[in-house]
1. Restricting attention to strands (runs of 3 or more DSSP E) lying wholly within the stretch 21-126, give those where 1 or more residues are open to solvent by 100 Å² or more (accessible area, probe 1.4 Å) and either on the phi > 0 side of the Ramachandran plot or in contact (Cβ under 8 Å) with a residue 12 or more places away in the chain (or both).
2. For the stretch 107-117, state whether one or more residues are under 30 Å from ARG27 (Cα atoms) and either touching a Leu at 6+ places or on another chain (Cβ under 7 Å) or among the basic types (Lys, Arg) (or both).
3. Looking at (1) in contact with an Asp or Glu (Cβ under 9 Å, 6 or more places away or on another chain); (2) modelled with pLDDT under 90; (3) closer than 25 Å to THR97 by Cα, which is the one condition that is false for ALA33?
4. I'd like the full set of residues that are under 25 Å from TYR39 (Cβ atoms) and among the aromatic types (Phe, Trp, Tyr), limited to the stretch 60-103.
Amino acid sequence: MDFLTKVFTWWNGQTLGTQFYTWRRGRRVGEDAEGNVYYQSADGQRRWVIYNGEAEASRVAPEWHGWLHHTWQEPPTTAPLPRKPWELPHIPNLTGTELAYHPPGSIRAARPAPVRDYEAWSPEQG
């Protein structure tokens, strides 16, 4: 089944083509806390990520995102970014999950806001 998944889907890790290219030309650079593995070509021009599970771009941490897009040349494994004390740990996009944000007026909120009648605005007559 794993073979069929790699042939027909691109959102579950890597396809056979990507796996072959990575085996042939990729040089492993590092891995992040989520288990995503980062590679680059021998000349350093191409950089890519093999996701651990679903291919969701928001699962790439900011320091790796900068490296993937050539914002800086050194990967976070050799030159980690300085962390500010107020920075929170990276979390992926939670849209569509149970942990997604629901505003107070949403029916999906833990305690939905009470329903009120709508009062239309009308200009003052004068």
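The values are calculated or read from the model by the stated rules, or taken from the named source; none is laboratory data. Computed from a predicted model, the values in this text were never measured in an experiment. Positions of Cβ are generated from backbone atoms using ideal geometry, with glycine treated the same way; all protein chains shown enter the neighbour counts. Protein only, heavy atoms only, side chains kept; ligands, DNA and RNA dropped before computing areas. Shrake-Rupley method; radii C 1.70, N 1.55, O 1.52, S 1.80 Å.
1. Values: elements: 27-31, 37-40, 47-50.
In the stretch 21-126, the matching strands (runs of 3 or more DSSP E) lie at 27-31.
2. First pass over the stretch 107-117, keeping only residues under 30 Å from ARG27 (Cα atoms): none.
No, there is no match, as no residue in the stretch 107-117 is under 30 Å from ARG27 (Cα atoms) and either touching a Leu at 6+ places or on another chain (Cβ under 7 Å) or among the basic types (Lys, Arg) (or both).
3. (1)
4. Of everything in the stretch 60-103, those that are under 25 Å from TYR39 (Cβ atoms) and among the aromatic types (Phe, Trp, Tyr) turn out to be TRP64, TRP67, TRP72.
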